[in-house]
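Read the structure below first, then the notes.
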Amino acid sequence: MVKYDELKEGQIGPKMEYGAPYGLVEAEFKAYADAGGDTNPIHQDIVAAIKAGNQGMIAHGLYSHAMIGKMLVDWVGAENVKTYGGRMLGMTRPGDIVSFQGKITKKYEADGEKLVDMEIKTTTKTTYLRGEASCDAKLSDDEVLKNLAKGKIKVAIDWDLAGQKKFELTFDAPNVKVNPKRVVGDKALMRNWIRADKDTITAEFIGKRKPDSFWFAIVVLRDSIVGTATVAIPE
Amino acid sequence: MSRDFSSLIGLELKGTSFKVKKEKLVEFAESIGAKQPQFLDSASPIAHPAYANAFVLPALMKVTDAKAADGQPVIKNPLKILHGGQVYTYPKDAPPLQDGDKIMTTPKIKNIEVKSNGMLVLDLEATSTIEKSNDESKIGKVVVISGIGVVVMPGGF
């Protein structure tokens with residue numbers, strides 16, 4: 001049970017993650033579409049989504065929006081949710097993991113209720129490259145991940161009239177030796193998808209790091225909904 | 001020549017009616033992973049607050065009916081519409097939504113302008129009111145007020 005007296009301005013209130021650990025799946029988008037009544041095919045059919053100009057199926061913006069509502073209801077109960085919502089800034093795709101959090105900006109009493117205002121932030125994590133690498137065992141985890149996040153991707157595609165002939169992906173990072181036979185990337189995401197000015201590119205280990213070899217993922221963090229909420233804290 | 005949309009500010013669009021069905025309330029709650037029994041009770045569920053998505057979205061699409069001063073639709077290509085944002089405000093005395101309730105959602109254009117980046121931005125406010133219910137005390141009560149941001153990309157208006 002949340003206690004008003006224990007909440008402080010500036011602290012993180014409710015938190016939630018959705019899609020972990022393996023990422024959201026298409027069936028979840030369809031279940032939401034059927035229940036919520038938004039049956040736009042871009043949320044259920046990869047061909048329709050691409051024809052509409054997307055690079056694959058995307059989740060409903062209101063799906064993540066509904067999850068903010070869920071987070072707040074789980075925190076204080078349905079009758080105490082006063083207002084929530086915000087701007088939709090980025091898309092969510094199959095395979096993504098979405099995290100939600102509310103940061104308390106103000107606590108006050110009004111109309112006989114104890115209220116909390118929050119900044120709401122929804123961040124979508126997209127994994128777009130996985131690989132195996134080795135490095136000097138003396139490098140710390142933090143150093144390895146920082147080096148991986150500075151890595152450069154090169155994509156070579158040869159086409160013939162029958163379609164794609166060869167797709168070659170290489171990934172090089174400083175002080176890390178990437179096994180070129182064990183790098184896998186999402187082709188759809190290679191095409192002008194990352195917005196360097198708005199996205200955060202980072203790296204993480206897949207499983208536990210051995211001293212000199214490991215599997216890693218390069219992930220992109222993107223704000224998907226940024227907004228506000230006000231809830232009453234029950235007595 | 002740029003089109004004049006200023007006469008649309010304050011315009012109330014045609015409302016949309018929506019009937020609440022208990023099966024859909026449970027289905028929606030399950031789709032977002034809600035665990036509270038009041039949303040999942042198949043005999044008599046109440047609506048999760050986020051269920052507003054189901055009846056507000058059709059009202060949002062009514063924006064495609066709006067016509068500018070030149071008599072032409074404001075939005076000429078609905079495929080160019082982006083959902084820019086959505087905020088719900090629940091009045092203190094809003095009753096819970098249940099099976100059989102009928103909701104009327106009426107959107108109003110609060111602002112409309114073409115931004116410097118060439119996008120048309122509409123701010124709508126939609127009020128959702130119970131117009132029919134098995135519980136007469138709920139009739140006329142506002143269940144949610146929605147602020148909706150609609151963005152139309154260049155070429156769509």
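Couple of notes before you dig in:
- Selection of segment B:21-74 for residues being of a type in the set (D, E, K, R) and in a loop (DSSP other than H, G, I, E, B) yields B:Lys21, B:Lys35, B:Asp41, B:Asp70.
- Yes/no for A:Ile58 being under 20 Å from B:Gln86 (Cα atoms), buried (at least 22 other Cβ atoms within 10 Å of the Cβ) and β-branched (Val, Ile, Thr): no
- Taken over segment B:40-50, the residue count meeting the criterion of being within 8 Å of another protein chain (Cβ to nearest Cβ) and buried (at least 23 other Cβ atoms within 10 Å of the Cβ) is 3.
- Residues within segment A:1-33 that are in a helix (DSSP H, G or I) and surrounded by 12 or more Cβ atoms within 10 Å (Cβ to Cβ), tallied: 8
A quick yes/no check of all residues on (1) within 14 Å of chain B (Cβ to nearest Cβ); (2) crowded, with 18+ Cβ neighbours inside 10 Å:
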position	(1), (2)
A:Leu62	yes, yes
A:Ile68	yes, yes
A:Met71	yes, yes
A:Gly86	yes, yes
A:Met118	yes, yes
A:Thr126	no, yes
A:Gly131	no, yes
A:Asp136	no, no
A:Leu148	no, yes
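- Within segment A:51-71, considering residues that are under 27 Å from A:Met118 (Cα atoms) and part of a loop (DSSP other than H, G, I, E, B), the one farthest from the chain's Cα centre (by Cα): A:His60
- Contacts under 8 angstrom Cβ, first residue in segment B:71-87 being touching a residue at least 12 places away in the same chain (Cβ under 8 Å) and within 7 Å of chain A (Cβ to nearest Cβ), partner in a strand (DSSP E or B) and among the charged types (D, E, K, R), 6 or more apart: B:Gly84/A:Arg87; B:Gly85/A:Arg87
- Among residues that are farther than 30 Å from B:Gly149 by Cβ, part of a strand (DSSP E or B) and among the polar types (S, T, N, Q), A:Asn147 is not included.
- Some residue of segment A:54-72 being farther than 25 Å from B:Phe39 by Cα and among the charged types (D, E, K, R): no
Read-outs: derived from the displayed coordinates by stated rules, not from any lab. Just so we're clear, the structure is a prediction, and the values are computed from it rather than from any experiment. A quick note on method: Cβ atoms are made from the backbone with ideal geometry, for glycine too, and the neighbour counts reach across all protein chains shown.
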